[in-house]
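Scroll down for the structure; my scribbles are underneath it.
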Amino acid sequence: GQEFQFGPCRVEGVVLQELWEAFRAMKDIVQAKDNITSVRLLRKEVLQNVSDTESCYLIRALLKFYLNTVFKNSLDKAADSRIRKSFSTLANNFFVIASKLQPSQEKEMFSTSESARRRFLLFQRAFQQLDIQAAQTKAFGEVDILLTWMEKFYQ
Amino acid sequence: HIAEDTSDLLQHVKFQSSNFENILTWDSGLDSAPDIVYSVEYKKYGEREWLAKEGCQRITRKSCNLTMETGNFMEFYYARVTALSAGGRSATKMTDRFSSLQHTTIKPPDVTCIPKVRSIQMIVHPTSTPIRAGDGHRLSLEDVFSDLFYRLELQVNHTYQMHLGGKQRDYEFTGLTPDTEFLGTIMIFVPTWSKESAPYVCRVKTLPDRMWT
């Protein structure tokens, strides 16, 4: 079967297509709520030209942020049961991936992890510049940008 | 001040995308709208400035080709239309966030079906897109979608079909009866994006077997 390979970090047992199907079920609703079209959180500077070794640090930071900050109390706002099911699929899979990622903590990887951290901070600062509600909605609506990037590491 | 309802001027502003040909379309709420002109703007998601689309300013038709302007399939775009009536009423409406990678539909493949005595060969031709690579050459659908594959079916009779499939472009259904008509259908699939084309259909007759005549 297919697996994620974020550099040295491998994650099996996640079907990317299921994540896409879950997000598609709520994409139009979520993205329609985001009317700040002039701000993009997952900008090119965050995701472009990420090295394999860097990718494990970056994806782990992003997924943990999504789980702890973006998805948090979103479930109770999802009134529509179809959305709730899709939302759970997405959150559960993000949790599985994040928990399986074990980036190296060795000293010589410091510069790589630092580079990933700087990228993540770009995303986090852009998030924090918005009202929390608007920021959560925007980040939620950008899951397709995240999945498109994750797909490069899905083999 | 009660905002004037101008929804009759402009409705359903959306992208229609097929094989990465991205056309912006809209409707007027009125049955006939001879005196309304439309102007189109677009931008990348995340950018502030709206850009006017040349060639789609103060037009009366209800579509505009934005293929070149939305040509980066890894990007996300918005477009908006402003309708202006002769009486000075106006309305502006925006599309949903658009990504051609996610939204484009796949047209039926272009196929050559070649009948032989006891087989039918099917050659699928690559489908080029308007998307250009860095060196300027046009990308094909196969270039864009790494998991694209073809599924071929040959209807032999009411109850029996033969199936072939894969990523290659040359297929042959063998072991057929000479001088007999068959119906072939060929479709494109892109699993990751849950895309599936409408079928290309070819009706062909195997050649008579001259050996026995």
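What follows is calculated from the coordinates using simple rules that are stated; it is not laboratory data. Nothing here was measured: the structure is a model prediction, and the numbers come from that model. Neighbour counts run over all protein chains shown; Cβ positions are idealised from the backbone, glycine included.
Too long at a 31 Å Cα-Cα cut-off: which of B:LYS62/B:LYS167; A:LYS72/B:LYS107; A:LYS44/B:LYS53; A:LYS85/B:LYS195; A:LYS64/B:LYS93? Present the calculation step by step, with values, prior to reporting the outcome.
Working: B:LYS62/B:LYS167 39 Å; A:LYS72/B:LYS107 41 Å; A:LYS44/B:LYS53 24 Å; A:LYS85/B:LYS195 22 Å; A:LYS64/B:LYS93 36 Å.
Result: B:LYS62/B:LYS167; A:LYS72/B:LYS107; A:LYS64/B:LYS93 exceed 31 Å.
Quick one: Cα convex hull volume of segment B:110-212, Å³ per residue?
On the way: hull volume 11.6 nm³, N = 103.
Dividing the Cα hull volume of segment B:110-212 by its residue count gives 112 Å³.
Would you please give the FRET efficiency between B:GLN155 and A:GLN133, computed as 1/(1 + (r/R0)^6) with r the Cβ-Cβ distance and R0 = 45 Å, to the nearest 0.05?
Values: r = 56 Å, r/R0 = 1.23.
The computed FRET efficiency comes out at 0.20.
Would any residue of segment A:10-35 have its amide N under 15 Å from a label point 7 Å out along Cα→Cβ of B:ASP147? List them or say none.
Counting only backbone N, you get A:12-24.
Amide H of A:GLU3 versus every other amide H placed in the peptide plane: which residues, excluding those fewer than 5 positions away on the same chain, fall under 5 Å?
Amide H neighbours of A:GLU3, under 5 Å, 5+ apart: A:GLN155.
GNM on chain A, C-alpha springs below 10 Å: top fluctuator among A:ILE132, A:ILE59, A:ILE83?
A:ILE132
Search the structure for amide H atoms under 5 Å from the amide H of B:PHE182, placed 1.01 Å from N in the peptide plane, and list their residues when 5 or more places away or on another chain.
So B:PHE182 has HN proximity to B:VAL204, B:LYS205, B:THR206.
Relative to the Cα centre, what is the charge dipole magnitude of chain B, using +1 at the beta carbon of each Lys and Arg, -1 at the beta carbon of each Asp and Glu, and rounding to the nearest 20 debye? Present the calculation step by step, with values, prior to reporting the outcome.
Numbers: 24 positive and 26 negative charges, 51 e Å.
Once rounded to the nearest 20, the dipole reads 240 debye.
Obtain the nm distance between the two label points defined at B:LYS116 and B:THR177 by a simple spin-label model: each point lies 7 Å from its Cα along the Cα-to-C-beta direction.
2.1 nm
Helix A:52-65 versus the longest principal axis of chain A: what angle, 0 to 90°, nearest 10, using Cα atoms?
30 degrees
With point charges of +1 on the Cβ of Lys and Arg and -1 on the Cβ of Asp and Glu, referenced to the Cα centre of segment B:110-212, which listed residue (B:VAL144, B:THR159, B:ALA198) lies farthest in the positive direction of the dipole?
About the Cα centre, the residue reaching furthest to the positive side is B:THR159.
Step by step: find N for segment A:1-140, compute 2.2 N^0.38 Å, then divide the Cα radius of gyration by it. What's the final number?
On the way: Rg = 15.6 Å, N = 140, 2.2 N^0.38 = 14.4 Å.
For segment A:1-140, the normalised Cα radius of gyration is 1.08.
Based on DSSP H runs of at least 4 residues, each adding -39500 (n - 2.57), what is the mean residue ellipticity at 222 nm of chain B after dividing by all its residues, to the nearest 500 deg cm²/dmol? Can you show the working numbers first?
On the way: 2 runs with 8 residues, N = 213.
The per-residue figure over chain B is -500 deg cm²/dmol.
With Rg and the Kirkwood Rh both taken from Cα atoms, where does Rg over Rh land for segment B:33-132? It would help to have the intermediate numbers written out before the result.
On the way: Rg = 20.1 Å, Rh = 16.6 Å.
We get a ratio of 1.21 for segment B:33-132.
Using alpha carbons only, what's the Rg to Rh ratio of chain B with Rh from Kirkwood? Don't skip to the end; give the middle numbers.
Values: Rg = 23.7 Å, Rh = 20.4 Å.
When Rh is taken as the Kirkwood radius, the ratio is 1.16.
Can you give me the pair-distance distribution of the protein assembly as shown, C-alpha pairs, 10 Å bins, whole percents?
Pair shares across the bins are 4, 19, 24, 23, 16, 9, 3, 1, 0, 0.
About its Cα centre, what dipole magnitude does segment B:11-103 give when the only charges are +1 on Lys and Arg Cβ and -1 on Asp and Glu Cβ, stated in debye to the nearest 20? Kindly include the intermediate steps, with their values, before the conclusion.
Numbers: 12 positive and 11 negative charges, 35 e Å.
With only Lys, Arg, Asp and Glu charged at Cβ, the dipole is about 160 debye.
Taking Cα atoms, how many degrees apart are the long axis of helix A:81-100 and the longest axis of chain A, rounded to 10 and kept between 0 and 90?
On a 0 to 90 degree scale, this one is about 10.
Please work out the FRET efficiency for the pair B:VAL201 and A:LYS107, using the Cβ-Cβ distance as r and a Förster radius of 45 Å; give the result to the nearest 0.05. Write down the numbers at each step before the final one.
Details: r = 63 Å, r/R0 = 1.40.
With R0 = 45 Å, the Cβ-Cβ based efficiency is 0.10.
Just rank A:CYS56, B:CYS56, fewest to most, by other beta-carbon atoms within 10 angstrom.
Values: A:CYS56 27, B:CYS56 21.
Ranked by crowding around the Cβ, least crowded first: B:CYS56, A:CYS56.
Just to check I understand the Karplus step: with θ = phi - 60° and J = 6.51 cos²θ - 1.76 cosθ + 1.60, what whole-Hz values come out for segment A:106-112, glycine and proline as x?
5, 4, 5, 8, 4, 5, 5
Could you tell me how many degrees, from 0 to 90 and to the nearest 10, lie between the Cα long axis of helix A:16-32 and the main elongation axis, the longest principal axis, of the Cα atoms of chain A?
The angle comes out at about 50 degrees.
Could you calculate the contour length gain from A:SER81 to A:GLU12, that is, 0.36 nm times the residue separation minus the distance between their Cα atoms, to one decimal place in nm?
Contour length minus Cα-Cα distance gives 22.0 nm.
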